[in-house]
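Following: one structure in structure tokens, then a few remarks.
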Amino acid sequence: MSPSGAATDSFPVRVFGGPTARFDYGGLGFLTDPTFDSPGDYPVPGGLVLSKIAPSDGGPTGLGRLDVVLLSHDQHPDNLDHAGRALLAGVPLTLTTPDGSRRLGGMARGLADWESVELQRPGGGTVVVTGVPAIHGPGPREQVEPVTGHVVGFVLTGDNLPTVYVSGDNASLQAVSEIADRFAPVDTALLFAGAPRFPALFDDQCLALDSAQAAEAAEMLGARRVVPVHYDSWAHFTEGRDALLAAFTAAGLAGRLDWGRRD
């Protein structure tokens, strides 16, 4: 389905702040990186502290039917917090990294890069979820992953369904290019952005896409619609909604932005 040919309201995306968004696709309910804890300081291994500075726009109750959690990685509380971990126990399937699935156990399943799983749709047919590359920082994987861990993104496809890309915490435009080679044009891209940085990591370079890179990724993917996530609610994000809008406007892509429903 081409970006110009898809209906702008093909399916709504409900965003909660941070990386958390819910959408229905192929009759199945999907939730990305569940984070619902209150604002506060959350330590991570290595001595860093992540500070949540705004509450989620809603809680884990009232989410409706959830069939699948798409979890980019489980190591950081701004992608999976205490409330999010509790929620996983009630969801039939969590797709994440292979290492993450072993840590989480239960109904978690790991997807390696380009590995796919077929999910049965309620009315017949399948949704295919493919794990795609994501690198959580600048540089090659062998240098980044020992510091920030393994991350996975996802592409959702199905007969007569739009193609959906969920980036996870990815900072690599090369990875986006490889995904575009296989799946473009994409109808909807949920891009983790926000230009997150820590002075102690990678000389303060971005750990996920900055705003200009998000616009470039959208162009690479031929994305009809871009739903930005993971750009607010935490102190380590250095570029928010205004920066994203400015970057997409400069690239002539402002009309592709969809900030998602907040209620």
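The values are calculated or read from the model by the stated rules, or taken from the named source; none is laboratory data. It should be emphasised that the depicted structure is a prediction, and the values quoted were computed from it without experimental measurement. Because the Cβ atoms are built from the backbone with ideal geometry, glycine has one as well, and the counts that use them run over all protein chains shown.
Results for (1) out of contact with any helix residue (DSSP H, G or I) (no Cβ under 9 Å at 6 or more places or on another chain); (2) among the polar types (S, T, N, Q), shown as yes or no for each residue.
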{"position": "Asn160", "(1), (2)": "yes, yes"}
{"position": "Val164", "(1), (2)": "yes, no"}
{"position": "Asn170", "(1), (2)": "no, yes"}
{"position": "Ile179", "(1), (2)": "no, no"}
{"position": "Phe183", "(1), (2)": "no, no"}
{"position": "Val227", "(1), (2)": "yes, no"}
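Taking the range 199-212 on its own, how many of its residues are surrounded by fewer than 22 Cβ atoms within 10 Å (Cβ to Cβ) and in contact with a strand residue (DSSP E or B) (Cβ under 9 Å, 6 or more places away or on another chain)?
1
In the range 202-242, what residues are assigned to a helix (DSSP H, G or I), out of contact with any Asp or Glu (no Cβ under 8 Å at 6 or more places or on another chain) and more than 19 Å from His76 (Cβ to Cβ)?
Across the range 202-242, the qualifying residues are Asp203, Ala212, Gln213, Ala214, Ala215, Glu216, Ala217, Ala218, Glu219, Met220, Leu221, Asp242.
Would you confirm whether or not the range 74-85 contains a residue that is modelled with pLDDT of 95 or more and on the phi > 0 side of the Ramachandran plot?
Among the residues of the range 74-85, not one is modelled with pLDDT of 95 or more and on the phi > 0 side of the Ramachandran plot, which makes the answer no.
State which residue is modelled with the highest pLDDT when the search covers only the range 138-153 and only residues that are surrounded by fewer than 24 Cβ atoms within 10 Å (Cβ to Cβ) and of a type in the set (Gly, Ala, Ser).
Filtering the range 138-153 for residues that are surrounded by fewer than 24 Cβ atoms within 10 Å (Cβ to Cβ) and of a type in the set (Gly, Ala, Ser), the one modelled with the highest pLDDT comes out as Gly139.
Is it the case that the range 30-52 has a residue that's surrounded by 14 or more Cβ atoms within 10 Å (Cβ to Cβ), farther than 20 Å from Ser167 by Cβ, of a type in the set (A, V, I, L, M, F, W, C) and at pLDDT 95 or above?
Yes: the range 30-52 contains one or more residues that are surrounded by 14 or more Cβ atoms within 10 Å (Cβ to Cβ), farther than 20 Å from Ser167 by Cβ, of a type in the set (A, V, I, L, M, F, W, C) and at pLDDT 95 or above.
In the range 118-127, is there at least one residue being under 29 Å from Phe248 (Cα atoms), at pLDDT 90 or above and within 19 Å of the chain's Cα centre (by Cα)?
no
Working only within the range 236-259, note down all residues that are more than 27 Å from Asp41 (Cα to Cα) and in contact with a Lys or Arg (Cβ under 9 Å, 6 or more places away or on another chain).
Correct list: Phe248, Arg256, Leu257, Asp258.
Would you be able to say whether some residue in the range 186-202 is farther than 28 Å from Asp81 by Cα and of a type in the set (Asp, Glu)?
Yes, the range 186-202 has at least one match.
Pairs, please: C-beta under 8 Å, at least 6 apart or cross-chain, first residue surrounded by 13 or more Cβ atoms within 10 Å (Cβ to Cβ) and in the range 108-127, second in a loop (DSSP other than H, G, I, E, B) and of a type in the set (A, V, I, L, M, F, W, C)?
Correct list of pairs: Ala108/Leu71; Val117/Leu111; Val127/Leu161.
Looking at (1) farther than 26 Å from Leu161 by Cβ; (2) at pLDDT 95 or above; (3) hydroxyl-bearing (Ser, Thr, Tyr), can you tell me which one Thr61 breaks?
Against the list (1) farther than 26 Å from Leu161 by Cβ; (2) at pLDDT 95 or above; (3) hydroxyl-bearing (Ser, Thr, Tyr), Thr61 comes up short only on (2).
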